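Inspection log for the structure reproduced underneath, given as structure tokens.
What follows is calculated from the coordinates using simple rules that are stated; it is not laboratory data. A quick note: this is a predicted structure, and the numbers were derived from the prediction, not measured. Don't worry about glycine lacking a Cβ; one is built from the backbone with ideal geometry, like all the others, and counts go over all protein chains shown.
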Amino acid sequence: GQNIDQPTEMTATEGAIVQINCTYQTSGFNGLFWYQQHAGEAPTFLSYNVLDGLEEKGRFSSFLSRSKGYSYLLLKELQMKDSASYLCAVKDDYKLSFGAGTTVTVRA
Amino acid sequence: DVKVTQSSRYLVKRTGEKVFLECVQDMDHENMFWYRQDPGLGLRLIYFSYDVKMKEKGDIPEGYSVSREKKERFSLILESASTNQTSMYLCASRDNDNQPQHFGDGTRLSIL
């Protein structure tokens, strides 16, 4: 079975940094994805980690530790448009299993 | 850009009806997926397909079936709709295994 945990909600101030943690226990592992989903919209791809370490993409970075079953998504220089739900998803042999998502609210 | 199109954004049906949700992708992707998304539960996989006429059950297939007659189209069928199938339904497609899934805008289905 798959068990993927992430916090339900986080609040941060515009310009700040927020770190969203994701822990997982899965029967197989072939990579971890992060998606962003604005209210009423489709999830959009942010990042993919399959090896341990940090992947940086502009203001967003994602980290993976396979031995700890742990990932985080780091959002820097927060903007109001970053208010959204962030979904952690683990890929086993053929499909993705999603966490329930973390709703991030950015305040002015 | 990949385009995944779901036929309806909002749909209201009655208990017992047979309901069809349609999804079309324009990037010749092999793999297509149907999820439902409910508050606090995240996205749960209903069915997926890795080729034309091929289908595999996901985590919650009960009460649903699918059809993939053409590569670009993947249909989700609610055989006899029930109120607990009221949800947001999301379709996705993907090229090869390590590529991200691309999602449609979703269909918010209400069963009365």
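Points to keep in mind about this one:
- Of B:Lys3/B:Lys57; A:Lys81/B:Lys13; A:Lys76/B:Lys57; B:Lys3/B:Lys70; A:Lys57/B:Lys55; B:Lys18/B:Lys71, those spanning more than 27 Å from alpha-carbon to alpha-carbon: A:Lys81/B:Lys13; A:Lys76/B:Lys57; A:Lys57/B:Lys55
- The simple Förster model, with R0 at 22 Å and r as the Cβ-Cβ distance, assigns B:Thr15 and B:Lys53 a FRET efficiency of 0.10.
- The spread of Cα positions in segment A:37-108, taken along each principal axis and listed from longest to shortest, comes to 39, 24, 18 Å.
- Shielding by partners for peptide A:33-46, expressed as the average number of C-beta atoms from other protein chains within 10 Å of each residue's C-beta, is 4.
- Footprinting exposure proxy ranking of A:Thr11, A:Thr26, B:Thr107, fewest other C-beta atoms within 10 angstrom first, gives A:Thr11, A:Thr26, B:Thr107.
- Cβ crowding within 10 Å, taken as a proxy for footprinting-reagent exposure, orders B:His102, A:His38 from fewest neighbours to most as A:His38, B:His102.
- Normalised by the number of residues in chain A, the average gap of Cα pairs under 8 Å and 6 or more apart makes the relative contact order 38 percent.
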